Amino acid sequence: MRSLLFTVLRNNLLQQSVKTQTCNWTNSLSCTTRDISTQLYPLLAGHSKWANIRHIKAAKDGQKSALFSRIARQIRLAIQDGGSADPNLNSELKSVIEEALRKNMPMATIQNNLKKFTASKTQLKKYRQDVRFKQKVFMVCTIYTDNFAQLKMDMSTILRKGGGVQIDAGHLFEDFGLIQATADKTRLAAGESLEDKATEDAIESGAEDIEVIDNESGSVHFICKPEGINGVRKALENKGYVVNNTEHIFTPLNTVTLTPEEKADYQKFVDKLKEIQGIEDIYDNIEVDEAE
């Protein structure tokens, strides 16, 4: 499959399998999306995928700013996965620390976390729990914990009191690996656009779709299969990209609309779940109001 993509690119036939669309990011920045091949990757075809991802990211990013406990888990995971507490030797850890500083986490707190997690012998493991809330709302909760049994007990109590039940909602969502990166624009050839360069780099790195968020800053988002996130990330870094964030993201195949009362009820339920240490992200099938 990869060789076919190379052939398509080399023969300048991308116009047969590439769609260019114009959209608006949540902060109204002009951006361009490009589906590398809607024929080879039909699951990823259509711009609704990017619309869903933008809405989800906007909502989640708004929630993340004050969640230092979440950032601390990301530091721990970066040390665990990268095998080093030195950001000069661990690019993933370096990205997490930079994100922590952008979120105004004090450097002293970051250093304390580095010391604590370097000495820790227990490892976080990733889990997933699907939930249905009051018949209508379906949720995917991603979890990182070293005590899943206790977390499940805490979660069960909240579900029982709040009107939720554990189910299998896998058929209601599709998942992607999302890589948010900044391109080194000095690597652009004369007359080459950021979109063309990012598309070529995506193909060579194993990504399946791109979105140019901002030409001026070089901000690009890449989509790949979830299991390929680490490989694509490393390949992009080798091509000069600065990776700002990587994420396994879930988008609903269909959405539901809630009344204001239902929204308030659901938000209370979600807030209770977020109090549980280890719940990293919550994705749902609720229609996002453009005005929100």
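The values are calculated or read from the model by the stated rules, or taken from the named source; none is laboratory data. Computed from a predicted structure; not experimentally measured. Virtual Cβ from ideal backbone geometry, glycine too; neighbours counted across all protein chains shown. Keep in mind that these areas ignore ligands, DNA and RNA; they rest on the heavy atoms of the full protein, side chains included. Shrake-Rupley method; radii C 1.70, N 1.55, O 1.52, S 1.80 Å.
Values computed for the structure shown
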{"read-out": "Test for Lys121: is it surrounded by fewer than 13 Cβ atoms within 10 Å (Cβ to Cβ) and free of Cβ contacts under 8 Å to residues at least 12 places away in the same chain", "value": "yes"}
{"read-out": "Tabulated pairs, the range 137-166, first in contact (Cβ under 8 Å) with a residue 60 or more places away in the chain and more than 13 Å from Leu273 (Cα to Cα), second among the small types (Gly, Ala, Ser) and part of a strand (DSSP E or B), C-beta under 9 angstrom, 6+ apart or interchain", "value": "Val137/Gly164"}
{"read-out": "Residue selected from the range 250-282 under the condition outside any helix (DSSP H, G or I) and open to solvent by 50 Å² or more (accessible area, probe 1.4 Å), by the criterion nearest to Pro226 (Cα to Cα)", "value": "Leu253"}
{"read-out": "Unique residue being farther than 22 Å from Lys103 by Cβ, assigned to a loop (DSSP other than H, G, I, E, B), open to solvent by less than 30 Å² (accessible area, probe 1.4 Å) and not aliphatic (A, V, I, L, M) when the list is Gly228, Gly191, Gly240", "value": "Gly240"}
{"read-out": "Any hit, the range 193-205, residues being closer than 30 Å to Val270 by Cα and among the polar types (S, T, N, Q)", "value": "no"}
{"read-out": "Residues within the range 141-188 that are among the acidic types (Asp, Glu), part of a strand (DSSP E or B) and in contact with a Leu (Cβ under 7 Å, 6 or more places away or on another chain), tallied", "value": "1"}
{"read-out": "Among the residues listed as Glu275, Glu262, Glu290, the single one being modelled with pLDDT under 90 and closer than 30 Å to Asp154 by Cα", "value": "Glu275"}
